[in-house]
Amino acid sequence: MFPSQAQVYDLFKAEVHKQGSDKLNYRFLAPEKVEADQTYPLLIFLHGAGERGKDNRRQLVHVMPQFTTVARRQQYPCYIIAPQCPEKVGWGDGEWHGARDGGYTVADEPSIRQQMIMAVVKEKMKEFPIDESRIYVAGLSMGGAGTWSMMAHYPDVFAAAVPICGAGDVETASKIKDIPTWIFHGTDDIVVPATFSVAMQAALQAVGGTPILTLFETVNHDSWVNAFDENPFVYDWLFSQKKSD
């Protein structure tokens, strides 16, 4: 049983990171129980365009209830950073060419939002027993594109990634080919066509990567439901990934 939205809000601590005149609202979740001499993985979760704002709540609507069931918190204890993107911007400063033309171009430099996310990661690693070899990034729709972008800008950070129905940049494939990646998309997605995920899988395979791609038949622009509600294998896969020394 998934927790209610009110229960999810209560589980995550509301925090703010400031960098000059910019600020990043985010929610932070710690494991239910932290054992001495143990380290725990960290997940960065990037929401979609519909959850942008400044209430520091809306970013927890999708996927986070699935991660915070009693059973999953016991089986997969982890830290989670769930930032909220402001209105009218995306996670990256890349260029979206539209569904009809196809394609997405990752910016040359990480956006201020991405820089602040990574600053929060560094802060939390100093304060909490986070396993540096088990840092993951996942996101849906705009957050799926953000996941691809974060991978490209910080390829040495992530032990695994789960981009869901997001557009990536095939030109970044050589940078990110060594990051274990499970891609999800609905075949009937009319917002971000599944061809974008198919293209990313092909580009990664062409340079020696081994990404997993799962396409959900007849599913529109909500494949995150299938990915995390109805696919328990993704949790085992994600939390088993670890960067080698």
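The values are calculated or read from the model by the stated rules, or taken from the named source; none is laboratory data. Predicted model only: the values in this text are computed from it and were never measured. Cβ coordinates were reconstructed from backbone atoms using ideal geometry, including for glycine residues, and neighbour counts include every protein chain displayed. Side chains are part of the model used for accessible areas, which takes the heavy atoms of the whole protein and leaves out ligands, DNA and RNA. Shrake-Rupley method; radii C 1.70, N 1.55, O 1.52, S 1.80 Å.
May I ask you to verify whether residue 142 is among the aliphatic types (A, V, I, L, M), within 19 Å of residue 200 (Cβ to Cβ) and open to solvent by 20 Å² or more (accessible area, probe 1.4 Å)?
yes
Which condition number in (1) open to solvent by 50 Å² or more (accessible area, probe 1.4 Å); (2) in contact with a helix residue (DSSP H, G or I) (Cβ under 6 Å, 6 or more places away or on another chain); (3) more than 22 Å from residue 12 (Cβ to Cβ) is the one that residue 110 fails?
Residue 110 satisfies every listed condition except (1).
Give the residue, chosen from 157, 207, that is farther than 18 Å from residue 91 by Cα, modelled with pLDDT of 95 or more and out of contact with any Asp or Glu (no Cβ under 7 Å at 6 or more places or on another chain).
The unique qualifying residue is 207.
Which one is least open to solvent (accessible area, probe 1.4 Å) among residues in segment 191-202 that are farther than 13 Å from residue 174 by Cα and in a helix (DSSP H, G or I)?
By that ranking, first place goes to 197.
What number of residues within segment 1-30 are within 24 Å of residue 70 (Cβ to Cβ) and of a type in the set (Gly, Ala, Ser)?
Going through segment 1-30 one residue at a time, the tally reaches 4.
Taking the residues in segment 203-225 that are in a helix (DSSP H, G or I) and more than 23 Å from residue 171 (Cα to Cα) as candidates, determine which candidate is least open to solvent (accessible area, probe 1.4 Å).
Among residues in segment 203-225 that are in a helix (DSSP H, G or I) and more than 23 Å from residue 171 (Cα to Cα), the one least open to solvent (accessible area, probe 1.4 Å) is 223.
Does residue 150 meet the test of being more than 13 Å from the chain's Cα centre (by Cα) and of a type in the set (A, V, I, L, M, F, W, C)?
Taking the combined requirement at face value, the residue does not satisfy it.
Yes or no, residue by residue, for (1) among the hydrophobic types (A, V, I, L, M, F, W, C); (2) without any contact (Cβ under 8 Å) to a residue 60 or more places away in the chain; (3) in a helix (DSSP H, G or I):
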{"site": "55", "(1), (2), (3)": "no, yes, no"}
{"site": "59", "(1), (2), (3)": "no, yes, yes"}
{"site": "72", "(1), (2), (3)": "no, no, yes"}
{"site": "77", "(1), (2), (3)": "no, yes, no"}
{"site": "80", "(1), (2), (3)": "yes, no, no"}
{"site": "87", "(1), (2), (3)": "no, yes, no"}
{"site": "107", "(1), (2), (3)": "yes, yes, no"}
{"site": "110", "(1), (2), (3)": "no, yes, no"}
{"site": "115", "(1), (2), (3)": "no, no, yes"}
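Restricted to segment 226-245, and to residues that are in contact (Cβ under 8 Å) with a residue 12 or more places away in the chain and of a type in the set (A, V, I, L, M, F, W, C), which residue is surrounded by the fewest Cβ atoms within 10 Å (Cβ to Cβ)?
237
Taking the stated definitions as given, is residue 69 over 27 Å from residue 89 (Cβ atoms) and open to solvent by less than 20 Å² (accessible area, probe 1.4 Å)?
In short, yes.
I'd like to verify a number: residues in segment 24-34 that are without any contact (Cβ under 8 Å) to a residue 60 or more places away in the chain and out of contact with any Ser or Thr (no Cβ under 9 Å at 6 or more places or on another chain), how many?
The number of residues fulfilling the criteria is 5.
Of all the residues that make up segment 143-190, how many are among the β-branched types (Val, Ile, Thr), under 16 Å from residue 220 (Cα atoms) and assigned to a strand (DSSP E or B)?
2
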